[in-house]
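Novice: A single structure is presented below for examination.
The values are calculated or read from the model by the stated rules, or taken from the named source; none is laboratory data. Worth saying up front: this structure is predicted, and the values here are computed from it rather than measured. No Cβ is skipped: glycine too gets one built from the backbone with ideal geometry, and neighbour counts run over all protein chains shown. Side chains included, ligands, DNA and RNA excluded: accessible areas come from the protein's heavy atoms. Shrake-Rupley method; radii C 1.70, N 1.55, O 1.52, S 1.80 Å.
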Amino acid sequence: QVQLVESGGGSVQPGGSLRLSCAASGKIFSINAMGWYRQAPGKQRELVATQTNSGSTNYADSVKGRFTISRDNAKNTVYLQMNSLKPEDTAVYYCRFVLRSFEFWGQGTQVTVSS
């Protein structure tokens, strides 16, 4: 079993920053990729940023230049640094790990950007 625990969500004013964390525990083996997704009310879940085990990253166009994904392999943790936040970034953010052919999701953390 693998458990993902997210933290770091909250409320922030436009232009502010937040850092999300997602720590994996349990039988961690051969992490192929880590990533962040988000789902706003009434919308489908969408990719925010991903990173493969080789370090290759991919970002949604809407967050390029503002968000940065990073990882700490020793802690089995992935981070999402979010800067210059906009109201349209408001959503529940989910982390996702791909271990070999299996995927695991976090429980989600709310990010609200509002003045």
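Novice: Once neighbouring chains are kept in place and the probe is 1.4 Å, which whole percent of the accessible area of the chain is contributed by carbon and sulfur? Before the final figure, lay out each step's value.
Specialist: Working: 2800 of 6060 Å².
On the chain, the fraction of accessible area on carbon and sulfur atoms equals 46 percent.
Novice: Could I ask something else about it? Below 8 Å between Cα atoms, with a sequence gap of 6+, how large is the relative contact order for the chain in percent?
Specialist: Numbers: 278 pairs, mean separation 42.3, N = 115.
That works out to 37 percent.
Novice: Now, a different point. Test of understanding: what is the full-extension gain from Ser56 to Lys86, defined as 0.36 nm times their sequence separation minus their Cα-Cα distance?
Specialist: Details: separation 30, 0.36 × 30 = 10.80 nm, distance 2.57 nm.
Contour length minus the Cα-Cα distance gives 8.2 nm.
Novice: Just the accessible area per residue of region 74-115, please: how many Å² with a 1.4 Å probe? Don't skip to the answer; put the middle values down first.
Specialist: Values: 2070 Å² over 42 residues.
For region 74-115, the solvent-accessible area averages 49 Å² per residue.
Novice: Then there's this: Rounded to the nearest 0.05, what FRET efficiency do Arg100 and Thr68 give with R0 = 35 Å and r taken as the Cβ-Cβ distance? Could you check?
Specialist: Numbers: r = 26 Å, r/R0 = 0.75.
Once the sixth-power term is evaluated, E becomes 0.85.
Novice: Students often forget the sequence filter, so: which aspartates and glutamates lie under 16 Å Cα-Cα from Lys64 once same-chain residues fewer than 8 apart are removed?
Specialist: Glu46, Glu88, Asp89
Novice: If each of Arg19 and Glu46 carries a label point 7 Å out from its Cα toward its Cβ, how far apart are those two points in nm?
Specialist: Once both label points are built, they end up 2.6 nm from each other.
Novice: Quick one: if the Förster radius is 30 Å, what FRET efficiency do Gln1 and Thr112 give, using the C-beta to C-beta distance and rounding to 0.05? Display every interim value, and only then the final one.
Specialist: Details: r = 31 Å, r/R0 = 1.03.
Efficiency at R0 = 30 Å is approximately 0.45.
Novice: So how strong a dipole does the chain carry about its Cα centre when Lys and Arg Cβ are +1 and Asp and Glu Cβ are -1, to the nearest 20 debye? Working shown, then result.
Specialist: Numbers: 12 positive and 7 negative charges, 29 e Å.
Value, rounded to 20: 140 debye.
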